[in-house]
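Below: the structure, in structure tokens.
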Amino acid sequence: MASPRLDFRNVNALWCSVLAETLHHCGVRHAVISPGSRSTPLAFAFAAHAGIEATPVLDERSAGFFALGIAKRTRVPTVLVCTSGTAAANFLPAVIEAHESGVPLLVLTADRPPELRFCGAGQTIDQQKLYGDRVNHFQEIAVPEARLDMLGYLRQAAAHACARTLVARPGPVHLNFPFRDPLPPISDGLRQEEFSSQLGESFFSHLAPTSKAEIRPVVVPQLPATRRGLVLAGPMEDQEPEGYAAACIGVAEKLGWPLLADALSPVRSNVPPGASVITAYDAILRSPAIAAALKPQAVLLLEGYPTSKVLREWLAGIPELIVLRAAEDFANRDPLHAATRELRCGVRTLVGLVSGEKRQKDPYAARWVELESIARTNLDQKVERLDSWFEGSVARLLQESLPGKTPLFIANSMPVRDVEYFFGAKTKGPRVTFNRGANGIDGTLSTALGIAHGGMPAVLLTGDLALLHDSNGFLIHPKLRGSLTIVLINNQGGGIFEHLPVSRFDPPFEEFVAMPQSVDFSRLAAAHGVEHRLMADVGELASALRKLPDSGVRILEVRTDRKMDAATRKRLFSEVSALLA
């Protein structure tokens, strides 16, 4: 007896229902679908499948990042579907981010059949290897045929593609699907009885979800015999953040080396009582005398380098530095081009391979802990005493006010830096997520909506330009299953550029670099049926963050002065640097 999920109304319908059933057996549970004619067989198949949630999203760029957000939260391949032509090109920013940050996306692009390519047929471009080397795998699927051997071929190709989104490093996979008419499920004479005995559950029963490939670690080389070593925990999204943080802290304690943790690492939000984690290193290293006195002989890098430019430049200025990197992937993640040794294992494996018990801190490590206490305490106190809105105050307030484990998506540019500067160490902090693969502002809202979809109430910290750049993401609002609170820092332009030398060249800086916009966010919110509130003070924002709604989207807008905020950051760091010296 044929599977009840198969559609026998015509060849295209059968082909795509076999595809959907195969992917469901392989673990796929979400499909994000943008409109179009050529993709009709794909869209109908996923929309009809009871085990796959299909979400329609008008804008392909927004759809790509929404799917990326779902895949970030679930770590399960999420399907993207679009029609032929430039629609597929609009997936490129999300494909790049998925490639750079290791997120499993399965991109299915519809196409015209070979005989209608390169002859002037409408809505047709060359879609072969459209995303180049930014995908784990590309395959052009055959034109659908109602033959058992061809359906077996489709099943195998789809299962392989799904697995390639996870093995050996998670990332995007692209399958291109040509279709001949009829595209809707209009009868073409296909007879179900021809397949009844062959397309039952046994046709799919051997399929199963793929787990991320386990990479066998090499034997860890002897770690440098020095007490002047640092462990750096870089940006990382982990399904079990508490366990990941414990492993990072365990490695550092066995070595007796200070642990410097990026705000985008699970470590900062999961520090057990009694553990020492350095969070104010950016402020500490701004003192030339302190930076010179703290030069390490060795660094153990967990995943990638932290966000801090000050930290990176400091390490780059130590030519004799020994660098070891522990990560499960085989990617080149060393922008400093140091003499880095790759350990090819994750921190959970590494903690069991590092010999020794918990070591006592020597003077070098103790000095780091002392400076951390001074710098973090003073930064916190100075921020608390400010009598007007400051972007750094908003970042700190999020960490202090949000319920533990709240998914918190951090936009790029200035928000990610303020989180780096002003997040301290917390025992039960938010679960931080981000798009730091390509470090762009593309798809900020859509990604955050994808993370919120079907999960815990989530929060997005973003600037005005990043939100406006992806304002079509608000079109997803009616389909959202969950809650997203957008903490919007509206400083009328690109605040990060105020810290760069280009800010001294005005004109044309203000118009062509900072690029202020005059959008009334209350009206933008109203147009999409989204709640909007302009925050009067820190107390009102804190109260709004302590209790997150169960459903819907809301904007909590904070208006700040971009130039004053840049000056405040410089003053705070200068005062702390002088105090440490």
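Taking the numbered list (1) within 30 Å of the chain's Cα centre (by Cα); (2) open to solvent by 70 Å² or more (accessible area, probe 1.4 Å); (3) in contact (Cβ under 8 Å) with a residue 40 or more places away in the chain in turn, HIS337 passes all entries but (3).
Yes or no: LEU465 at pLDDT 95 or above and closer than 17 Å to GLY552 by Cα? In short, no.
So which residues in the stretch 24-54 are on the phi > 0 side of the Ramachandran plot and touching a strand residue (DSSP E or B) at 6+ places or on another chain (Cβ under 7 Å)?
Of the residues in the stretch 24-54, the ones on the phi > 0 side of the Ramachandran plot are 27, 36.
The one that is on the phi > 0 side of the Ramachandran plot and touching a strand residue (DSSP E or B) at 6+ places or on another chain (Cβ under 7 Å): GLY36.
Condition check: surrounded by fewer than 24 Cβ atoms within 10 Å (Cβ to Cβ) and assigned to a loop (DSSP other than H, G, I, E, B). Does ARG61 satisfy that? When the stated conditions are applied, ARG61 does not pass them.
When you look at GLY473, is it out of contact with any Phe, Trp or Tyr (no Cβ under 6 Å at 6 or more places or on another chain), buried (at least 24 other Cβ atoms within 10 Å of the Cβ) and not in a loop (DSSP other than H, G, I, E, B), yes or no? Here the answer is yes, as GLY473 does meet what is asked. Only residues that are open to solvent by less than 50 Å² (accessible area, probe 1.4 Å) and within 28 Å of the chain's Cα centre (by Cα) were counted across the stretch 505-527, and they come to 6. A single entry from LEU302, LEU285, LEU353 fulfils the requirement of being surrounded by 13 or more Cβ atoms within 10 Å (Cβ to Cβ) and touching a Lys or Arg at 6+ places or on another chain (Cβ under 9 Å): LEU302. Taken over the stretch 15-47, the residue count meeting the criterion of being more than 27 Å from LEU166 (Cα to Cα) and in contact with a Phe, Trp or Tyr (Cβ under 7 Å, 6 or more places away or on another chain) is 1. Right, ALA331: modelled with pLDDT under 95 and either open to solvent by less than 40 Å² (accessible area, probe 1.4 Å) or not in a loop (DSSP other than H, G, I, E, B) (or both) or not? Answer is yes for this residue. Just one of the numbered conditions (1) out of contact with any strand residue (DSSP E or B) (no Cβ under 6 Å at 6 or more places or on another chain); (2) aliphatic (A, V, I, L, M); (3) over 20 Å from VAL416 (Cβ atoms); (4) at pLDDT below 95 is not true of LEU343: (1).
Buried (at least 18 other Cβ atoms within 10 Å of the Cβ), at pLDDT 95 or above and among the β-branched types (Val, Ile, Thr): is that true of ILE290 in this structure?
Answer is no for this residue.
Evaluate the stretch 497-514: report whether one residue or more is among the hydrophobic types (A, V, I, L, M, F, W, C), free of Cβ contacts under 8 Å to residues at least 12 places away in the same chain and in a loop (DSSP other than H, G, I, E, B). Taking every residue of the stretch 497-514 in turn, at least one turns out to be among the hydrophobic types (A, V, I, L, M, F, W, C), free of Cβ contacts under 8 Å to residues at least 12 places away in the same chain and in a loop (DSSP other than H, G, I, E, B). Going through the stretch 441-458 one residue at a time, which ones are touching a helix residue (DSSP H, G or I) at 6+ places or on another chain (Cβ under 7 Å) and surrounded by fewer than 24 Cβ atoms within 10 Å (Cβ to Cβ)? Residues satisfying the conditions are ILE441, ASP442, GLY455. For the stretch 223-246, a residue qualifies if it is surrounded by 24 or more Cβ atoms within 10 Å (Cβ to Cβ) and of a type in the set (Gly, Ala, Ser), and the qualifying residues are ALA233, ALA245.
Could you grab me the full set of residues in the stretch 7-54 that are acidic (Asp, Glu) and more than 24 Å from ASP181 (Cβ to Cβ)? Within the stretch 7-54, just GLU53 meets the criteria.
Mind checking whether some residue in the stretch 359-371 is touching a helix residue (DSSP H, G or I) at 6+ places or on another chain (Cβ under 6 Å) and surrounded by fewer than 21 Cβ atoms within 10 Å (Cβ to Cβ)? No: zero hits. Applying a threshold of 7 Å to beta carbon distances and a minimum spacing of six or more residues, or different chains, the list of pairs starting in the stretch 139-157 at a residue that is in contact (Cβ under 8 Å) with a residue 40 or more places away in the chain and ending at one that is assigned to a helix (DSSP H, G or I) and aromatic (Phe, Trp, Tyr) reads PRO144/TRP15; LEU154/TRP15.
Of the helices (runs of 4 or more DSSP H) lying entirely inside the stretch 347-458, those carrying at least 2 residues that are without any contact (Cβ under 8 Å) to a residue 24 or more places away in the chain are 363-385. Is one or more of the residues making up the stretch 305-319 more than 17 Å from GLU420 (Cα to Cα), in contact (Cβ under 8 Å) with a residue 12 or more places away in the chain and of a type in the set (Ser, Thr, Tyr)? No, the conditions are met nowhere in the stretch 305-319.
Identify the residue in the stretch 166-219 that is outside any loop (DSSP other than H, G, I, E, B) and buried (at least 19 other Cβ atoms within 10 Å of the Cβ) and, among all such residues, is modelled with the lowest pLDDT. So the residue we want is PHE203. List the number of the failed condition for HIS160; all other conditions in (1) under 19 Å from ALA43 (Cβ atoms); (2) surrounded by fewer than 17 Cβ atoms within 10 Å (Cβ to Cβ); (3) without any contact (Cβ under 8 Å) to a residue 40 or more places away in the chain hold. Going through the list (1) under 19 Å from ALA43 (Cβ atoms); (2) surrounded by fewer than 17 Cβ atoms within 10 Å (Cβ to Cβ); (3) without any contact (Cβ under 8 Å) to a residue 40 or more places away in the chain, HIS160 breaks only (1).
Select from the stretch 241-255 the residues that are in contact (Cβ under 8 Å) with a residue 60 or more places away in the chain and either touching a helix residue (DSSP H, G or I) at 6+ places or on another chain (Cβ under 6 Å) or among the acidic types (Asp, Glu) (or both) and list them in ascending order. Once the filter is applied, which keeps residues that are in contact (Cβ under 8 Å) with a residue 60 or more places away in the chain and either touching a helix residue (DSSP H, G or I) at 6+ places or on another chain (Cβ under 6 Å) or among the acidic types (Asp, Glu) (or both), the stretch 241-255 yields PRO241, TYR244, ALA247, CYS248, GLY250, VAL251, GLU253. Counting only residues that are in contact with a Lys or Arg (Cβ under 9 Å, 6 or more places away or on another chain), buried (at least 23 other Cβ atoms within 10 Å of the Cβ) and either in contact (Cβ under 8 Å) with a residue 60 or more places away in the chain or aromatic (Phe, Trp, Tyr) (or both), the stretch 12-33 holds 4 of them.
The values are calculated or read from the model by the stated rules, or taken from the named source; none is laboratory data. Source: prediction; values computed, not measured. When we count neighbours, we look across all protein chains shown, and the Cβ atoms used for this are built from the backbone with ideal geometry, even at glycine. Accessible surface is based on the protein model in full, side chains and every heavy atom, while ligands, DNA and RNA are left aside. Shrake-Rupley method; radii C 1.70, N 1.55, O 1.52, S 1.80 Å.
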